[in-house]
Amino acid sequence: MLGKQSLQYVNKPYLISSGAIVGSKEAEGPMGQLFDKVCYDDKFGGDTWEESESSLQKEALEIALQKGGLQKQDIEIVYAGDLLGQSIASSFGLAGYQSPHVGLYGACSTCGLSLTMGSMAVAGAFAQKVACITSSHFASAEKEFRFPLAYGNQRPKSATWTVTGSGAFILSAQPGRQVRAVISGVTIGKIMDYGVKDSMNMGACMAPAAADTIRQNLEDFGRTPRDYDRIITGDLGTVGQKLLLDLLSEKQIDITKQHMDCGIEIYDSERQDTNAGGSGCGCSAVVLSAYILKKIEEGVWKRVLFVPTGALLSKTSFNEGQTIPGIAHGVVLEHYEG
């Protein structure tokens with residue numbers, strides 16, 4: 001244990017493989033050529049949006065296993081979650097693997113949560129190989145949390161576009177035929193609630209949690225922003241990014257040179273009608289797999305603080321007039337020197 005909320009690993013888990021699959025809109029964005037697979041049928045051959053999201057997770061894991069030269073029986077524990085009620089995208093999508101399954105819910109921070117839990121298991125020698133998976137789908141998320149697509153409602157400028165995509169990651173106690181990154185530590189986030197109730201402004205809901213986790217990571221590890229090549233949040237979007245920088249500035253922390261947000265990077269704001277940017281569990285997951293890990297693996301970035309962010313609301317709590325708390329989990333990813 002390091003400081004109040006962080007873990008520094010003695011036996012650092014290796015991130016040996018990953019897979020990213022996305023939908024058509026994501027393929028049209030600036031990272032479109034980097035994803036492992038694109039499906040231009042956003043139902044992915046299924047009859048419902050929920051079934052299609054399950055297919056996303058199943059295929060993402062298949063890609064990660066294939067790229068790592070692994071079989072499904074090599075995976076000892078699966079850590080997975082999504083945005084839907086009772087995490088049905090994960091449970092239905094991964095049931096066929098017949099692996100020990102840990103269902104997780106961290107809203108859009110679930111990629112960070114799964115990597116945190118999975119890395120703890122590997123670093124603690126409780127498992128040799130684990131899989132960490134999450135997903136989101138624009139249509140299933142809109143149906144779950146906002147309006148049916150047929151409603152045709154207008155979206156405010158603060159709204160983000162839920163990414164249709166899934167990212168899967170394989171963590172191992174030993175290096176495989178490749179190592180994309182090493183996880184040297186994590187900072188487990190706290191629930192932060194600034195009283196925001198606007199479900200169309202996820203950035204405002206999540207920015208306080210991101211600021212708190214980043215500040216705590218720097219304090220626990222005894223670091224400054226300059227010790228990271230990038231500090232990358234999950235899906236704050238343009239609105240949340242400004243709030244994050246303002247909140248950290250109040251604590252005399254300046255990350256403007258290091259900060260990057262997956263929700264801002266995944267879409268082209270000038271060409272694509274995505275308002276404040278991208279969001280959803282799949283947002284940070286597919287950007288991590290396709291773009292961030294590529295930079296780390298190549299040694300362009302030596303150390304990255306990856307901070308997926310989540311808004312902890314449900315349709316029940318929202319309809320009852322509750323606030324929307326946020327949470328963010330930090331994962332320290334480092335280049336593998338070999």
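The values are calculated or read from the model by the stated rules, or taken from the named source; none is laboratory data. For clarity, every value in this text was computed on a predicted model and none was experimentally measured. Glycine also receives a Cβ, built like all others from the backbone with ideal geometry; neighbour counts cover every protein chain displayed.
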- Task: Would you mind stating whether residue 76 is in contact (Cβ under 8 Å) with a residue 24 or more places away in the chain, in the same structural domain as residue 135 (by TED's automatic domain parsing) and within 18 Å of residue 165 (Cβ to Cβ)?
- Result: no
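Can you find even one residue in segment 46-59 that is small (Gly, Ala, Ser) and modelled with pLDDT of 90 or more? Working first, answer last.
Residues of segment 46-59 small (Gly, Ala, Ser): 46, 52, 54-55.
Keeping just the survivors that are modelled with pLDDT of 90 or more gives none.
So far as segment 46-59 goes, no, none of its residues is small (Gly, Ala, Ser) and modelled with pLDDT of 90 or more.
If a residue has to be part of a strand (DSSP E or B) and either polar (S, T, N, Q) or surrounded by fewer than 19 Cβ atoms within 10 Å (Cβ to Cβ) (or both) to count, how many in segment 1-18 make the cut? Spell out the reasoning first.
Taking segment 1-18 and keeping what is part of a strand (DSSP E or B), we get 2, 6-8, 14-18.
Subsequent filtering for residues that are either polar (S, T, N, Q) or surrounded by fewer than 19 Cβ atoms within 10 Å (Cβ to Cβ) (or both) retains 2, 6, 8, 17-18.
Final tally of qualifying residues: 5.
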- Query: Are any residues in segment 71-89 buried (at least 20 other Cβ atoms within 10 Å of the Cβ) and part of a loop (DSSP other than H, G, I, E, B), and if so, which ones?
  - Reply: 75, 82, 83, 84
- Message: Please verify whether residue 104 is without any contact (Cβ under 8 Å) to a residue 40 or more places away in the chain, crowded, with 19+ Cβ neighbours inside 10 Å and more than 17 Å from residue 287 (Cα to Cα), treating the condition exactly as stated.
- Response: yes
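Could you please find all residues in segment 1-59 being of a type in the set (Phe, Trp, Tyr) and on the phi > 0 side of the Ramachandran plot? Steps first, please.
As a first pass, look at segment 1-59 and keep what is of a type in the set (Phe, Trp, Tyr): 9, 14, 35, 40, 44, 49.
Within segment 1-59, 44 is the sole residue that qualifies.
Which residues, counting only those in segment 279-308, are β-branched (Val, Ile, Thr) and touching a Cys at 6+ places or on another chain (Cβ under 6 Å)? It would help to see each step written out before you state the result.
To start, the set of residues in segment 279-308 that are β-branched (Val, Ile, Thr) comprises 286-287, 292, 296, 300, 304, 307.
Listed by number, the list holds a single entry, 287.
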- Item | Checklist (1) in contact with a Pro (Cβ under 6 Å, 6 or more places away or on another chain); (2) over 26 Å from residue 187 (Cβ atoms) applied to residue 77, failing item | (2)
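Only one residue in 274, 213 is among the polar types (S, T, N, Q), touching a strand residue (DSSP E or B) at 6+ places or on another chain (Cβ under 7 Å) and more than 30 Å from residue 336 (Cβ to Cβ). Which one?
On the way: 213 fails: more than 30 Å from residue 336 (Cβ to Cβ).
Answer to the selection: 274.
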- Item | Filter result for residue 232 (crowded, with 24+ Cβ neighbours inside 10 Å, out of contact with any Lys or Arg (no Cβ under 7 Å at 6 or more places or on another chain) and not in a helix (DSSP H, G or I)) | yes
- Message: Pairs needed: first member in segment 262-282, not assigned by TED's automatic domain parsing to the domain that holds residue 199; second member anywhere, in a loop (DSSP other than H, G, I, E, B) and among the basic types (Lys, Arg); C-beta distance under 9 Å; at least 6 residues apart or different chains.
- Response: none
- Message: So residue 218 passes all but one of these: (1) over 19 Å from the mean Cα position of the chain (by Cα); (2) hydrophobic (A, V, I, L, M, F, W, C); (3) in a loop (DSSP other than H, G, I, E, B). Which condition number does it fail?
- Response: (3)
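For segment 102-118, indicate whether the set of residues that are modelled with pLDDT of 90 or more, touching a Lys or Arg at 6+ places or on another chain (Cβ under 9 Å) and small (Gly, Ala, Ser) is non-empty. Working first, answer last.
Taking segment 102-118 and keeping what is modelled with pLDDT of 90 or more, we get 102-118.
Next, only the ones that are touching a Lys or Arg at 6+ places or on another chain (Cβ under 9 Å) stay: none.
No, there is no match, as no residue in segment 102-118 is modelled with pLDDT of 90 or more, touching a Lys or Arg at 6+ places or on another chain (Cβ under 9 Å) and small (Gly, Ala, Ser).
Would you be able to say whether some residue in segment 314-325 is closer than 20 Å to residue 13 by Cβ, β-branched (Val, Ile, Thr), touching a Leu at 6+ places or on another chain (Cβ under 6 Å) and not assigned by TED's automatic domain parsing to the domain that holds residue 28? Full working, then the answer.
So the first thing to find is which residues in segment 314-325 are closer than 20 Å to residue 13 by Cβ, and the list is none.
There is no residue in segment 314-325 that is closer than 20 Å to residue 13 by Cβ, β-branched (Val, Ile, Thr), touching a Leu at 6+ places or on another chain (Cβ under 6 Å) and not assigned by TED's automatic domain parsing to the domain that holds residue 28.
Within segment 15-24, is even one residue in the same structural domain as residue 87 (by TED's automatic domain parsing), over 21 Å from residue 81 (Cα atoms) and touching a strand residue (DSSP E or B) at 6+ places or on another chain (Cβ under 8 Å)? Reasoning before the result, please.
Looking only at segment 15-24, we keep the residues that are in the same structural domain as residue 87 (by TED's automatic domain parsing), and these are 15-24.
Within this subset, residues satisfying the condition of being over 21 Å from residue 81 (Cα atoms) are 24.
Within this subset, residues satisfying the condition of being touching a strand residue (DSSP E or B) at 6+ places or on another chain (Cβ under 8 Å) are 24.
Yes - at least one qualifying residue is present in segment 15-24.
Condition test on residue 110, is it buried (at least 24 other Cβ atoms within 10 Å of the Cβ) and among the β-branched types (Val, Ile, Thr)? Before you say what the answer is, go through the steps one by one.
Numbers: buried (at least 24 other Cβ atoms within 10 Å of the Cβ): yes; among the β-branched types (Val, Ile, Thr): yes.
It is true that residue 110 is buried (at least 24 other Cβ atoms within 10 Å of the Cβ) and among the β-branched types (Val, Ile, Thr).
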